[in-house]
Structures are given as C-alpha cells and as structure tokens.
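Working notes, beginning with the structure itself.
The values are calculated or read from the model by the stated rules, or taken from the named source; none is laboratory data. Not measured: the values here are computed from a predicted model. For neighbour counting, all protein chains shown are included, and Cβ atoms are generated from backbone atoms with ideal geometry for every residue, glycine included.
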Amino acid sequence: MNQFAMNLIKNILCCGLILSSNLLFAQQDQKMDAFIDGLMSKMTIEEKIGQLNLVTAGEATTGSVVSTDVESKIKAGNIGGIFSMTSPARIRKAQELAVKESRLKIPIIFGMDVIHGYKTIFPIPLGLAATWDMPLIQKTARVAAVEASADGLNWTFSPMVDISRDARWGRISEGSGEDTYLSSRIAREMVIGYQGDDLSKNNTLMACVKHFALYGAAESGRDYNTTDMSLHRMYNEYLPPYKAALDAGAMSVMTSFNDINGVPASANHWLLTDLLRKDWKFNGLVVTDYTAVNELIDHGLGDLQKVSELSLKAGVDMDMVGEGFLTTLKKSLNEGKVSEDDINRACRFVLEAKYRLGLFEDPFKYCNEDRAKKEILTVEHLKLAREAAGKSFVLLKNENNSLPLKKQGTVAVIGPLANTGANMPGTWSVSADLNNTQSLVEGMRSVLGNKVNIVTHLGANLTDDPALQERSTMFGRTIPRDDRAPEEIIAAAVKVSQEADVIIAALGESSEMSGESSSRTDLNIPESQKRLLEALVKTGKPVVLVLFAGRPMTLTWENEHVPAILNVWFGGTETGKAVADVLFGDVNPSGKLPATFPQNVGQLPMYYSQKNTGRPLAKDAWFQKFRSNYLDVSNEPLYPFGYGLSYTKFEYGAIKLDKSSISKTDQIKVTVSVKNNGNFDGEEVVQLYLQDLVGSQTRPVKELKGFQKIFLGKGKSKDVEFILKEEDLRFYNQKLEFVSEPGKFKVYVGTNSRDVQEAEFELMD
C-alpha cells in the first residue's frame, strides 16, 4: 500500500473517531440537559439561589469572613458548594445532610486551593514553570488530583494563569511568570492533569482558571490593586493563557479582584459575558474569588443588593462566601432588578458542573477512606516531587565550577532558612503536613548520611524587624528569632563556619514573603541576612548561596561577590533532598527562569518581550542622552528570561532555515545543532523566539514561539528542529483581528532570551 493510501485510511479513521466522539458528547449533553431541565422544574426560586452559594468550612481561608450556620443552610438547600473542607469522613457527613435531609437531595460540590500539590507538595508554580518540562508539569497536576480526590475533594481553584511582569506582586509565585507562550503551554498541561480524560472519574478534579482577568498586572505590584491596559496588550499578551486553559477543557473560571476598564471583574459584563461566553463559547461555571461580590461595595458600585445584582447580570454563577446572592437576589427578583432567567442561567451552570463530576449518579464517589489511606504521600508521589524540585532549581552563577560539591569533609549550612521544614513547601500549600516536612539540613543529612559532616547555625534573623518577620511567617511558617545583637549572632555563625570546608548560605524569602497579600517594594535579600552573607564571604571559604524565593529578586551584590548561586524557589515536600541532589552532583540543574530578574526594583515592570521605542538604546550601550535608558543603571536585566546554567556546557551552531521565504499556506523548518561540550550529561531547554520586523503596529523585540527540552550525554550533539507556520506569526491587530502581515521576520534560537543565534526569513503576501 502506498503512502497516499495509508494516509487516506488514517484520515478516514480519524474523521470517524471524531464524528463518533462528537456524537457521544452530544448524546451525553442531551441526557444532561433533560435531567437538569427536570430537576429545575421542581426547584423553588430559593433553592435555585441556594445553589449559587459557595461557603467555607473554615479550615483554610483567605479573608476575614467565615461562613456560619452551615449545617442548617445545607438542610434548607441554601448551599451549592463548600470549600476548604477535607477528609472523606467530614465530607461524607456534609454530603449526607444534602442528599438525605434537603428537599431535592442535590449534592454539594467540594473545592479547595490545591495549587501545587495536595499532601505531596511540588515546587511553587513559578518553580514548576522553571522546569520547562510539560510532561512533568502535567504529572504533578495529576498527582495533586489523585491525592485531593482521595481525600474527598472534586474541585481545585487552579491553575492560576495570570501573567505577571512586576516582581513586587507577591502572587507571581503562583503563576508561570511573564511569558504568554510558556504560560499558555503550562495552563493546558495543568488542566489536563487535573481533569484527566473523564471528569466523572473519582480521581479527577474540576479545574478552575484564575484570576479572570489581568490580575497579575495590578498597578505598583500591589495586590488587589486596579489594572488598566489597552485591548491590544490584553489580547496579545495577557488573555491567551486563560483561553489556552479553556481550550484544554477547564470547566470553571474564577473572577479576579481588580477592575478592568474601570469595571471590577465580578461585575464586568463585557468580560464575563461578551468575551467569555459569547466570543470564547465557554459553557462552564463562573465563580467569584473570596468575598469578591461584597468587595464591589468598596469599589464604589453600590450596596450589597446592588452589587449582587450587577455581579449576577454580568455573568457570575456562584458567589464565594459573601452570601450576597443568598440574601438579596430574591428581593431583587421581586423588585424586577434581576430576572428569573438570570437566576436560572447561573443555577444551571452549577448543576451542570455537578452532573459532569458524576455527583448526581453517586454523591459519595469521593468519600472512600481506603483511597485516602493508600493514595496520598505514596513513594511514587514523593519520588516525583523530588524530581520536580531538582528540575525547578536554576543555577544562576557557578564561578570556577564551584559546584557540584564533593561528598566529603564538613559543610556548614548557615541561615534562617536552613532549619525550617515548614517553609520548604512555599506559599499556598494549605494542605501540606508542615510538621513532617524535612528542613534543608534534615533533607541533606538523609541524602548524604555519614559521607558529609553537616554543621549548622541560624546566622541571622529572617529580618531585623520582628513585626515584618511575623507578617512573613504566617500560617504556621514560624522561624525562631535570636534576641541577641545581630553582630553576636553573625559572629557565632562565622565561628561554626570556620570548621567547614564549604559554606552553604540558606537565605532569601520565607514562604509567606510571597503569595497572596505579600507584595514587596524591596526585592533585596533582607538586610539582616545580607550582613550575614557578607561575613561568610569574608571568611575566604567557598560560599554557595542557596536562594529561597517566590519571585525574581535583586541580587546585584550577590552576583558580584558570591561564587555560586542556586535559586531553589520553594521546592515542596522534598526540597531538602532535592537541594542535596543538585549541590552534590547527583542531579545536573536544568531549570530556566520563567521571569526576568532585574538589577534593581526601579526597573520594574521588566520583561524580555518589550517593544522598541522611537528612541531605542544602541546595542551594547549603557547610556546615551535622549535615548530610552536610565542614568544610574543599564537597561539590561541581571538574569534574562530563559536563563539558567548547567554543570556542563552547551554549544549552539548557526541557525539553518530550509527556505528564505514562505507563503501563508507554507511552513519553514528551523534547525540548530546543539552540542554538550562539558564533562556532565545534562538537559538543555532550546528556546526559539521570533521578531516581526515591520507591522501595522508596534511589535515586541522578541516573542517565545517554541522550546524543546533535550537530554545530551557529554560529548554528544543533536540537531534540534522547529517548524514555523503562518499561524505562529499572527497577532491581534488594532481591529482585534487575529492576523499575520507579510514582511520580514527574525528568528532567534538559543539558551535564553538574550544569548541567541539569529536568522531572517520573509512571509510573502
């Protein structure tokens, strides 16, 4: 059989499978619609409104409000969902109230912020993004879904896909960084990991894409602050990750706290109805963030009744915790301010979510205590956590091959983050077992055993300010303070270090110095720790900075004076072991930065995909009068997007294009040879960027359009190929049309966004 015939048969079979699949989904939707039509015909208006009410059980909250009188509300049919209730026994008890004692026996949906793992905690999302490893990221979400569903949950408020280019914003730790393409790829993998191939299975979670929309662009990097941007930037740079998650099948969306074009997200009809429902054809559930409806009052939109009306009519289906819907919508209906159709729409989306989860078929399908005992914190899950942590670490500096260390002699592990297991999981790890999470020192000792003698000392308080330290160590992440004078503490640490062959400085942020409501104006390592680091460097002994961070930090002094810097973010449950793996050479670091590290905070917001101004700075120049630059510092970052070193050395050859021009129906093959010239096997992330040189509107100097993570043994080489199509060249123009424009393009391939090879091609009309 010739190739044409084989391809024809494949296409026929594929079409048949698609048609069959589409028919099956259509039949399932018809069955669901009939069921929900029947159920809603029996519901009172009060019961319909009750389905729109999401309450908290109070186990883990993000605000000051905790729901009251939950049990009686369940019996009355006034609760559609509960979040932050865990364990099969507790959830079964609550579900029994709903399906046995409420009039219509409608089951409850149970959600939680399962952000980067459930009990097995993986690196913070920004750290996971640093792996650039899509299969790995999907696996972490799959494990999170297995564990959380085994403990009774069926809904996760994740992934967070907000683009952030301002490291002052604490929640940059919860997302995938600054880049549209990378964030979109990760969003897709997270959704698939959570929801699997069948949402009705009892080991899946319904994903919730958040925060819709533009939350990461809050002005001044201050959490919950206003957002203001052009439609051009919105469509080209900030909206695509949300759309990618929805295209992957995410069945729920959470509104953001910020306003958009002057209207807060939870009351924004253009955002939630015109864009989300009509343009994007989203047919899932829209839920607010914590008390977001109530907060519309402070935004200045009216009293609780008015803002609840606005939120419902804008397109919100479920009100988280504030109970504005529950307490005001009936009155608004009677007064003609909302319609029964508005309430029916919202109620239907809530019921559809429950139907798709299989809760009407079996309300207790997630309440299996045997699963909870067998499928949480398994050996396999912990192994994956350790692997993910090791792959997330980014080697920022390695002067004179200071790393890896030899497994011998004495190592001093100094710093306030050396002996705190509770800070290893990082922010938004609400279900982590902090009491049984190993510290850095404990993890290193468990890996190294008697091969290395480890000595340790606090060295410095987290910060000099006790009040700031208290704010930075909430939710059980306490770090002990030493009340002696800082000079005394440092002197004692230096004395301990004198007996060591090498010093590991465990410094940086505590886990709650980033995350929600953890914005910072100073991104330096706290001064107390910096004085310690300076003293350790002055000993003349080799110093390795193990940097804990939930965001890009300003490390200008550290980069100049410390021989080796390993950014470990917050690596999760297995952080300590994973750090030992990398420091001592069992794992070769391969992480790449998903966000630009500035030289100082005054450069923010900072990102690689900037635009040329009409007065761009000349290449390799620092300062030119009447050009776009600063007086006191260059325009360059300290570490660019995509940056990360390895223990080995990768050499890139020249870019080869298989043609110099393409039509709109053609494609171009980009090839580059990569060789491992070092002494270690290793992984490299080969990154491809494009620049549209001439357009009808201004375009970025570079945009990530592809990457491949490859493994190369020492001395080995590989030709890495990328295929570019016309669709890769498209953008939203001034009319918000998604188009490509004929003209010249530059293609860049390299080890990061700065260090690249380049070539040029043309798109023909």
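Listed here are the residues, each with its yes/no results for (1) outside any loop (DSSP other than H, G, I, E, B); (2) without any contact (Cβ under 8 Å) to a residue 24 or more places away in the chain; (3) outside the structural domain of Thr437 (by TED's automatic domain parsing); (4) among the charged types (D, E, K, R).
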{"site": "Leu523", "(1), (2), (3), (4)": "no, no, no, no"}
{"site": "Arg531", "(1), (2), (3), (4)": "yes, no, no, yes"}
{"site": "Ala535", "(1), (2), (3), (4)": "yes, no, no, no"}
{"site": "Val546", "(1), (2), (3), (4)": "yes, no, no, no"}
{"site": "Trp557", "(1), (2), (3), (4)": "yes, no, no, no"}
{"site": "Asn567", "(1), (2), (3), (4)": "yes, no, no, no"}
{"site": "Ala580", "(1), (2), (3), (4)": "yes, no, no, no"}
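Here is a yes/no grid of residues against (1) under 23 Å from Pro240 (Cα atoms); (2) under 32 Å from the mean Cα position of the chain (by Cα):
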position: Leu657; (1), (2): no, no
position: Val670; (1), (2): no, yes
position: Gln687; (1), (2): yes, yes
position: Lys705; (1), (2): yes, yes
position: Glu726; (1), (2): yes, yes
position: Gly743; (1), (2): no, no
position: Ser753; (1), (2): yes, yes
position: Phe761; (1), (2): no, no
position: Met764; (1), (2): no, no
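Can you find, within segment 387-414, the residue that is nearest to Val496 (Cα to Cα) among those that are within 24 Å of the chain's Cα centre (by Cα) and either surrounded by fewer than 23 Cβ atoms within 10 Å (Cβ to Cβ) or of a type in the set (S, T, N, Q) (or both)? So, considering only residues that are within 24 Å of the chain's Cα centre (by Cα) and either surrounded by fewer than 23 Cβ atoms within 10 Å (Cβ to Cβ) or of a type in the set (S, T, N, Q) (or both), the one nearest to Val496 (Cα to Cα) is Leu395. Exactly one residue out of Thr378, Thr427 is over 21 Å from Val582 (Cβ atoms) and touching a Ser or Thr at 6+ places or on another chain (Cβ under 6 Å): that is Thr427.
Comparison of Phe257, Phe282 shows that the only residue that is aromatic (Phe, Trp, Tyr), within 24 Å of the chain's Cα centre (by Cα), closer than 20 Å to Ile109 by Cβ and at pLDDT 95 or above is Phe282.
Pick from segment 721-752 the residues that are in contact with an Asp or Glu (Cβ under 9 Å, 6 or more places away or on another chain) and crowded, with 19+ Cβ neighbours inside 10 Å: which of them is nearest to Leu593 (Cα to Cα)? That would be Thr751. Scanning segment 309-329 for residues that are small (Gly, Ala, Ser), within 20 Å of Phe282 (Cα to Cα) and outside any loop (DSSP other than H, G, I, E, B) yields Ser311, Ala314. Would you be able to say whether some residue in segment 715-723 is at positive phi, assigned by TED's automatic domain parsing to the domain that holds Gln757 and out of contact with any strand residue (DSSP E or B) (no Cβ under 6 Å at 6 or more places or on another chain)? Among the residues of segment 715-723, at least one is at positive phi, assigned by TED's automatic domain parsing to the domain that holds Gln757 and out of contact with any strand residue (DSSP E or B) (no Cβ under 6 Å at 6 or more places or on another chain), which makes the answer yes.
Candidates in segment 420-430 are the residues that are part of a loop (DSSP other than H, G, I, E, B) and in contact with an Asp or Glu (Cβ under 8 Å, 6 or more places away or on another chain); of these, the one that is surrounded by the fewest Cβ atoms within 10 Å (Cβ to Cβ) is Val430.
Here is a check on your reading of the model: is Lys702 in the same structural domain as Val749 (by TED's automatic domain parsing), of a type in the set (D, E, K, R), surrounded by fewer than 16 Cβ atoms within 10 Å (Cβ to Cβ) and at pLDDT 95 or above? No: the conditions fail for Lys702. The set of residues in segment 327-359 that are over 25 Å from Thr291 (Cβ atoms) and of a type in the set (Asp, Glu) comprises Glu340, Asp341. Answer yes or no as to whether Asn629 is free of Cβ contacts under 8 Å to residues at least 60 places away in the same chain and surrounded by 13 or more Cβ atoms within 10 Å (Cβ to Cβ). Here the answer is yes, as Asn629 does meet what is asked.
Residue-wise test of (1) among the polar types (S, T, N, Q); (2) more than 21 Å from Thr180 (Cα to Cα); (3) in contact with a Ser or Thr (Cβ under 8 Å, 6 or more places away or on another chain).
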position	(1), (2), (3)
Thr671	yes, yes, no
Arg699	no, no, no
Gly715	no, yes, no
Lys718	no, yes, yes
Pro742	no, yes, no
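Candidates in segment 582-605 are the residues that are within 18 Å of the chain's Cα centre (by Cα) and assigned to a loop (DSSP other than H, G, I, E, B); of these, the one that is farthest from Phe641 (Cα to Cα) is Gly591.
Of everything in segment 596-608 that is touching a Leu at 6+ places or on another chain (Cβ under 7 Å) and of a type in the set (A, V, I, L, M, F, W, C), the residue that is surrounded by the fewest Cβ atoms within 10 Å (Cβ to Cβ) is Val601.
Is at least one residue of segment 433-448 over 30 Å from the mean Cα position of the chain (by Cα) and over 30 Å from Glu147 (Cα atoms)? Checking segment 433-448: not a single residue is over 30 Å from the mean Cα position of the chain (by Cα) and over 30 Å from Glu147 (Cα atoms). Within segment 225-240, the set of residues being surrounded by fewer than 16 Cβ atoms within 10 Å (Cβ to Cβ) and over 13 Å from Phe731 (Cβ atoms) comprises Asp228, Met229, Ser230. Has segment 26-36 got at least one residue that is surrounded by fewer than 17 Cβ atoms within 10 Å (Cβ to Cβ), in contact (Cβ under 8 Å) with a residue 60 or more places away in the chain, touching an Asp or Glu at 6+ places or on another chain (Cβ under 7 Å) and not basic (Lys, Arg)? Yes: segment 26-36 contains one or more residues that are surrounded by fewer than 17 Cβ atoms within 10 Å (Cβ to Cβ), in contact (Cβ under 8 Å) with a residue 60 or more places away in the chain, touching an Asp or Glu at 6+ places or on another chain (Cβ under 7 Å) and not basic (Lys, Arg). Inspect all residues belonging to segment 397-414 and state whether any of them is closer than 30 Å to Arg92 by Cα and outside any loop (DSSP other than H, G, I, E, B). Within segment 397-414 (the criterion being closer than 30 Å to Arg92 by Cα and outside any loop (DSSP other than H, G, I, E, B)), the answer is no, since none of the residues qualifies.
Part of a loop (DSSP other than H, G, I, E, B), within 18 Å of Val544 (Cα to Cα), modelled with pLDDT of 95 or more and not small (Gly, Ala, Ser) - does that describe any residue in segment 375-385? No, segment 375-385 contains no residue that is part of a loop (DSSP other than H, G, I, E, B), within 18 Å of Val544 (Cα to Cα), modelled with pLDDT of 95 or more and not small (Gly, Ala, Ser). For segment 695-745, the set of residues classified as among the aliphatic types (A, V, I, L, M), part of a strand (DSSP E or B) and in contact (Cβ under 8 Å) with a residue 12 or more places away in the chain consists of Leu704, Ile710, Leu712, Val720, Ile723, Leu724, listed by residue number.
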